[in-house]
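The values are calculated or read from the model by the stated rules, or taken from the named source; none is laboratory data. Bear in mind that the values here come from a model prediction, so they are computed numbers and not experimental data. Every residue, glycine as well, gets a Cβ built from its backbone with ideal geometry; the counts of neighbours run over all protein chains shown. SASA here: full protein model, heavy atoms, side chains in, ligands and nucleic acids out. Shrake-Rupley method; radii C 1.70, N 1.55, O 1.52, S 1.80 Å.
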Amino acid sequence: MSSRVTTATFRERKQSGEKIAVLTAYDYPSALLQEEAGVDAILVGDSLGMAIMGGEDTLSVTMDDMLHHTRMVSRAAQRAMVIADMPFLSYQITPEEALRNAGRFIAEAGAQAVKLEGPAERFGGAIELILRAGIPVMGHIGLTPQSVHQIGGYKVQGRDAASRERLKQEALGLQELGCFSIVLECIPADLAAEITASMQIPTIGIGAGAGCDGQVLVMHDMLGWGKARFTKTYADVRAAMLQAFKDYTEEVKSGAFPTEAHAYKLRQDREGAAPARSESPYASVSPRG
Ligand code: KIV
């Protein structure tokens, strides 16, 4: 295992130009595979609410939900930085509450950083307090899904001159506060490139073009569940799972599964003896492969 990706690594990557690969994960086996694949940071996103919990938005995700899933990811991630996404109402009420919640992700769930949505103008107090406690903060501007009702839907941001200027100022404001990186979500590629060029901290884009210092995708989007223009299906895992579930159902109904090869027999010599260690019935369950 090579050493952990840290905020210093993010700074170095900004200098060297080596891109930063971030993916979301919500469970141990997926995080283990991302770790093995060399992903730099794993974001336990509040996209959990949609990707895993089947919600229409991210607004019903709770601290308990996020802590539960962050723990699973932290158990798997040895090198990748684990970034926990602060859910709706975990940082908006008071800066003190924001710090308490951010601290729980570090102390109870093993994350190394937190992310929160919105500009310094609205959440500067919370960000400052979290940073003062020694917890790295990733900012997030552009399309901020926790404000979906205020924005009026999931829409590309920064399409007119005024909002372009606002986003540039927001990025600089978060940098000035001390954020170690900023997610730019669903903004025009030229604007994201302009913001990236003006910053000393790395930008991580999603639907923000190739000019960012790194990219993040929601894991399920890149595995066949995503339909948005900005995503890419790297493997149609959704289709593979669906086919497997169909084949299984059909084989159970037809009697084709299980066969003798999947069944246990009485032993000839020591009937009733416990199976030897190597014959554990759960031998293949471990997600470690
Ligand atoms: O919750 C999430 O997955 C996110 C990413 C889209 C950046 O915030």
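When the range 72-82 is limited to residues that are assigned to a helix (DSSP H, G or I) and open to solvent by less than 30 Å² (accessible area, probe 1.4 Å), the one that is nearest to the ligand (Cβ to nearest atom) turns out to be Val73. Scanning the range 176-193 for residues that are of a type outside the set (Gly, Ala, Ser) and either at positive phi or out of contact with any Gly (no Cβ under 8 Å at 6 or more places or on another chain) (or both) gives Glu176, Phe180, Cys186. For the range 1-68, the helices (runs of 4 or more DSSP H) that sit wholly inside it and include 3 or more residues that are over 24 Å from Ala197 (Cβ atoms) and in the same structural domain as Gln175 (by TED's automatic domain parsing) are 28-37, 48-51. Among the residues of the range 93-102, is there at least one that is assigned by TED's automatic domain parsing to the domain that holds Arg13, open to solvent by 20 Å² or more (accessible area, probe 1.4 Å) and either part of a loop (DSSP other than H, G, I, E, B) or among the aromatic types (Phe, Trp, Tyr) (or both)? Within the range 93-102 (the criterion being assigned by TED's automatic domain parsing to the domain that holds Arg13, open to solvent by 20 Å² or more (accessible area, probe 1.4 Å) and either part of a loop (DSSP other than H, G, I, E, B) or among the aromatic types (Phe, Trp, Tyr) (or both)), the answer is yes, since at least one residue qualifies. Taking the criterion of being more than 9 Å from the ligand (Cβ to nearest atom), of a type in the set (A, V, I, L, M) and more than 15 Å from Gly226 (Cα to Cα), the residues of the range 26-60 that qualify are Ala31, Leu32, Leu33, Ala37, Val39, Ala41, Ile42, Met53, Leu59.
For Ala109, the conditions (1) within 14 Å of the ligand (Cβ to nearest atom); (2) open to solvent by less than 20 Å² (accessible area, probe 1.4 Å); (3) part of a loop (DSSP other than H, G, I, E, B) all hold with the exception of (1).
Which of the residues spanning the range 61-71 are within 12 Å of the ligand (Cβ to nearest atom) and hydrophobic (A, V, I, L, M, F, W, C)? Selection gives Val61, Met66. State whether one or more residues within the range 137-153 are at positive phi and either surrounded by 24 or more Cβ atoms within 10 Å (Cβ to Cβ) or not small (Gly, Ala, Ser) (or both). So far as the range 137-153 goes, yes, one or more of its residues are at positive phi and either surrounded by 24 or more Cβ atoms within 10 Å (Cβ to Cβ) or not small (Gly, Ala, Ser) (or both).
When the residues of the range 112-141 are filtered to those that are in contact (Cβ under 8 Å) with a residue 60 or more places away in the chain and closer than 13 Å to Leu43 by Cα, the one that is nearest to the ligand (Cβ to nearest atom) is Lys115. Residue count for the range 1-25 under the criterion of being within 14 Å of the ligand (Cβ to nearest atom) and surrounded by 22 or more Cβ atoms within 10 Å (Cβ to Cβ): the result is 5. Taken over the range 201-219, the criterion of being within 13 Å of Gly17 (Cβ to Cβ), of a type outside the set (A, V, I, L, M, F, W, C) and open to solvent by 10 Å² or more (accessible area, probe 1.4 Å) is satisfied by Gly211, Asp213. Within the range 179-198, how many residues are in contact with a helix residue (DSSP H, G or I) (Cβ under 6 Å, 6 or more places away or on another chain) and either among the aromatic types (Phe, Trp, Tyr) or assigned to a loop (DSSP other than H, G, I, E, B) (or both)? The number of residues fulfilling the criteria is 1.
For the range 26-43, a residue qualifies if it is of a type in the set (Asp, Glu) and surrounded by 15 or more Cβ atoms within 10 Å (Cβ to Cβ), and the qualifying residues are Asp27, Glu35, Asp40.
Give the residue that is farthest from Glu18 (Cα to Cα), with candidates limited to residues of the range 234-258 that are assigned to a loop (DSSP other than H, G, I, E, B) and open to solvent by less than 70 Å² (accessible area, probe 1.4 Å). Out of the qualifying residues, it is Gly255. For the range 123-178, residues that are within 22 Å of the chain's Cα centre (by Cα) and part of a helix (DSSP H, G or I) total 12.
Would you tally the residues in the range 192-214 being near the ligand (Cβ under 10 Å from one of its atoms) and either of a type outside the set (A, V, I, L, M, F, W, C) or not assigned by TED's automatic domain parsing to the domain that holds Leu23 (or both)?
Residues of the range 192-214 near the ligand (Cβ under 10 Å from one of its atoms): 204-207.
Now restrict to residues that are either of a type outside the set (A, V, I, L, M, F, W, C) or not assigned by TED's automatic domain parsing to the domain that holds Leu23 (or both): 205, 207.
Result for the range 192-214: 2.
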